[in-house]
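Q: Have a look at the structure that comes next, please.
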Amino acid sequence: MTPQLSLIPLPANSRLTGHSLRLSRDFPIRFLTNTPAVQEVVETFLEMLKPTANLQPRVVDHDAREHVGLSVSLTSANTGQGKESYTLSVDEKGVSVSASTTAGLFYGLLTFGQMLSADDARSDGLAIPCLEISDCARFCWRGMHLDVSRHFPPAEFIKKYIDLLARHKMNVFHWHLTDDQGWRIEIKRYPLLTEVGAWRKESGGQVYGGFYAQQEIREIVEYARRRFVTVVPEIELPGHASAALAAYPEYSCTGGPFEVTTQWGVFDDVYCPGKEATFQLLEDVLSEAAELFPGPFMHIGGDECPKARWNNHELCQERMKAEGLANADELQAYFVSRIARHLRTLGKRLVGWDEILDSGAPAEATIMAWRNMQKGIEAAQSGHDVVMTPMSHCYFDHYQGKESEPKAIGGYTTLETVYSFEPVPTDLPQELARHVLGAQGNVWTEYMPDTNHMEYMVFPRLCALCEVLWSPQEARSLPDFLDRLKHHLRRLDNLGVNYRRLTIL
């Protein structure tokens, strides 16, 4: 380990080799592999380096006779460590970052970037220790969620959020775009979803809301792609549909009218599966959304869906009889299965909260286990891939301390609790552990009215989670992590992040 470098997340393998290297403030960068993809990775790295290091590196020709600098290369060597692995070497001759993929090259450059602190750079450059790092990710799903329905952050904040995920080697952004309190994605075929569903009437007559236009979404997805972050959109169904039904009440069981709700909670009026038109609406919406998000996953929610309206609606009862369904829970399973079938035609895999397991989930569904780890075990035992995100460790809307904290939804999840999280349950048989893709933190924004508050709830807990998901379990040490975090928080200062200050530091 190299704690004096304050690297977060901790690399899988690192070794100090003695001496140090002094890089000039304008150190040269050489492409040993010069392709458009490699050039793009380096351009993105330099863009991300600007706020955190008082340096002006420059690209030079491969054969330029320059002083020591950085060399980047792609190699065909297969290390067996996965597509995100890399090696980083520092000696008296310079710095070398190599990987077999551009993703690995990007993560190697990010590690190098953490070694280049604005606090330590002098007019004659920056001294960094000579070392060898061989690194790889433990899990392939290293995610963070953000609810933009309850409170609506602008597109620029979404880009900042994605940038911060990438800096911590997180690679999935789960974007919760629709819920009872607001519909946030432009769907051109159904304009009332945003004309009506994106706005709610607050107390005092104020109107609150907003949505992301499709062009904004394309820009955000491209911004994420350059940082090797996959955007997973969530379009909630069959419950949490108040905003959509305010716009199109005919897709409910009762016909409305409805308003976009200003209250938090669970509401009885949901999409009506007895009406064939409901499925046409949702298939159209998902088809249009799929064109904006090239990643392989689409999240459909599936949680907290009351069945009261279905149990008392003639068309729903007829649907159950025609399909041989015993109860309303099986009707929800039918609903989800039909949506999964449509997603398959779009080349997408369905992701849902663990409630979709209750009456049987589609075979290809990826399950997000949020209620508890046992739900993740049940999913793996049924052959499903799993993303572990239990309330006990991964809900960043919970309180971080017991005194002088801003209002939160409840619960108590400290930095230390997050760091203690182990995504693979000890009682999960080894042959099923492969189903655990990783984990993610969830940020529900009922009590986060602005972006400063969102950042406060996320950081530094995200710093702990990223190490849980990237670094080897046996290498993790809370005292060592907290020691490295002291320096890492200065990086967050340079990035303008409003993190929670910790008294233990």
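Readers should treat all values here as calculations from the given coordinates under stated rules, not as data from a laboratory. All of these numbers come straight from a predicted model, not from anything done at the bench. Counting neighbours? That spans all protein chains shown, and the Cβs are built from the backbone with ideal geometry, glycine included.
Q: Can you give the charge dipole size of region 400-505 about its Cα centre, rounded to the nearest 20 debye, using +1 on the beta carbon of Lys and Arg and -1 on the beta carbon of Asp and Glu? Don't skip to the answer; put the middle values down first.
A: Numbers: 11 positive and 14 negative charges, 67 e Å.
In total the dipole reaches around 320 debye.
Q: What cysteines in the chain have no other cysteine with a beta carbon less than 4.7 Å from their beta carbon?
A: Singleton cysteines: CYS130, CYS136, CYS140, CYS305, CYS316, CYS394, CYS463, CYS466.
Q: Please arrange HIS145, HIS151 by how many other C-beta atoms lie within 10 Å of their C-beta, fewest to most. Let's see the in-between values first.
A: Details: HIS145 24, HIS151 20.
With the fewest neighbours first, HIS145, HIS151 line up as HIS151, HIS145.
Q: Using +1 at the C-beta of Lys and Arg and -1 at the C-beta of Asp and Glu, which of ASN327, PRO449, PHE258 has the Cα lying farthest in the positive direction of the dipole of the chain?
A: It is PRO449, whose Cα lies furthest towards the positive end.
Q: For every helix of n ≥ 4 consecutive DSSP H residues, a contribution of -39,500 (n - 2.57) applies; sum these over the chain, divide by its total residues, and give [θ] at 222 nm rounded to the nearest 500 deg cm²/dmol. Intermediate results must be reported in sequence, preceding the final value.
A: On the way: 17 runs with 167 residues, N = 505.
Counting only the DSSP helices, I get -9500 deg cm²/dmol.
Q: Now a separate question. If you restrict to DSSP beta bridges whose two residues both lie in the chain, what percentage is antiparallel, to the nearest 5?
A: 35 percent
Q: Which residue, chosen from ALA155, LEU126, PHE211, occupies the Cα position most advanced towards the positive end of the dipole of region 120-211, where the dipole is computed from +1 (Lys, Arg) and -1 (Asp, Glu) charges on Cβ about the Cα centre?
A: It is PHE211.
Q: Let me ask another. In degrees, nearest 10, range 0 to 90: what is the angle between the Cα axis of helix 478-494 and the longest Cα principal axis of the chain?
A: Compared with the principal axis, the helix lies near 90 degrees.
Q: Right, here's the next one. Kindly put THR111, THR262, THR102 in sequence by how many other C-beta atoms sit within 10 Å of each C-beta, fewest to most.
A: Arranged by neighbour count, lowest to highest, THR111, THR262, THR102 become THR262, THR102, THR111.
Q: Report the charge-dipole magnitude of the chain in Debye, nearest 20, computed about the Cα centre from +1 at each Lys and Arg Cβ and -1 at each Asp and Glu Cβ. Before the final figure, lay out the partial values.
A: Numbers: 49 positive and 65 negative charges, 235 e Å.
It works out to roughly 1120 debye.
Q: Divide, for region 142-476, the radius of gyration over alpha carbons by 2.2 N^0.38 Å, where N is the residue count.
A: With N residues counted in region 142-476, Rg over 2.2 N^0.38 Å equals 0.96.
Q: Determine the distance separating the Cα centre of region 457-502 from the Cα centre of region 159-236; give it in Å without decimals.
A: 26 Å
Q: Can I ask one more? Using the alpha carbons of region 182-277, what is the convex hull volume per residue in cubic angstrom, as a whole number?
A: On the way: hull volume 12.0 nm³, N = 96.
About 125 Å³ per residue, rounded to a whole number.
Q: A further question follows. Kirkwood hydrodynamic radius, computed over distinct alpha-carbon pairs, for region 365-505: how many Å, to one decimal?
A: Values: mean 1/r = 0.0626 Å⁻¹.
Its Kirkwood hydrodynamic radius stands at 16.0 Å.
Q: Could I ask something else about it? Share of antiparallel DSSP beta bridges in region 3-135, in percent to the nearest 5?
A: Values: 19 of 29 bridges.
Restricted to region 3-135, the bridges split so that about 65 percent are antiparallel.
Q: If neighbour count is taken as other Cβ atoms inside 10 Å, put ASP385, ASP61, ASP358 in order from fewest to most.
A: On the way: ASP385 19, ASP61 11, ASP358 14.
If I rank by nearby Cβ atoms, fewest first, I get ASP61, ASP358, ASP385.
Q: Along each of its three principal axes, how wide is the spread of alpha-carbon positions in region 3-135, in whole angstrom units, largest first?
A: That works out to 40, 34, 26 Å along the principal axes.
Q: I've got another one for you. For region 348-421, run through the trypsin sites (Lys or Arg not before Pro) and keep only the ones in DSSP coil with at most 13 other Cβ atoms within 10 Å of their Cβ.
A: Values: sites: LYS348, ARG349, ARG371, LYS375, LYS402, LYS407; in loops: LYS348, ARG371, LYS402, LYS407.
Filter output for region 348-421: LYS402, LYS407.
Q: Something else about it: What order, most packed first, do the peptides 227-237, 27-37, 300-310 have when packing is the mean number of other Cβ atoms within 10 Å of each residue? Don't jump to the answer; show the numbers that get you there.
A: Details: 227-237: 23.8, 27-37: 15.7, 300-310: 20.3.
Answer by packing, highest mean first, reads 227-237, 300-310, 27-37.
Q: While we're looking at this one, here's another question. Can you give the charge dipole size of region 3-135 about its Cα centre, rounded to the nearest 20 debye, using +1 on the beta carbon of Lys and Arg and -1 on the beta carbon of Asp and Glu? If you can, show how the numbers build up before the last one.
A: Details: 10 positive and 15 negative charges, 21 e Å.
Using Cβ point charges on Lys, Arg, Asp and Glu, region 3-135 gives about 100 debye.
Q: Which of PRO28, PHE45, LEU7 sits farthest toward the positive end of the charge dipole of region 1-64, with +1 on the Cβ of Lys and Arg and -1 on the Cβ of Asp and Glu?
A: Result: LEU7.
Q: So what is the diffusion coefficient of region 231-291 in µm² per second by Stokes-Einstein at 10 °C and 1.306 mPa s, using a Kirkwood Rh over Cα pairs? Intermediate results must be reported in sequence, preceding the final value.
A: On the way: Rh = 12.2 Å.
Rounded, D is 131 µm²/s.
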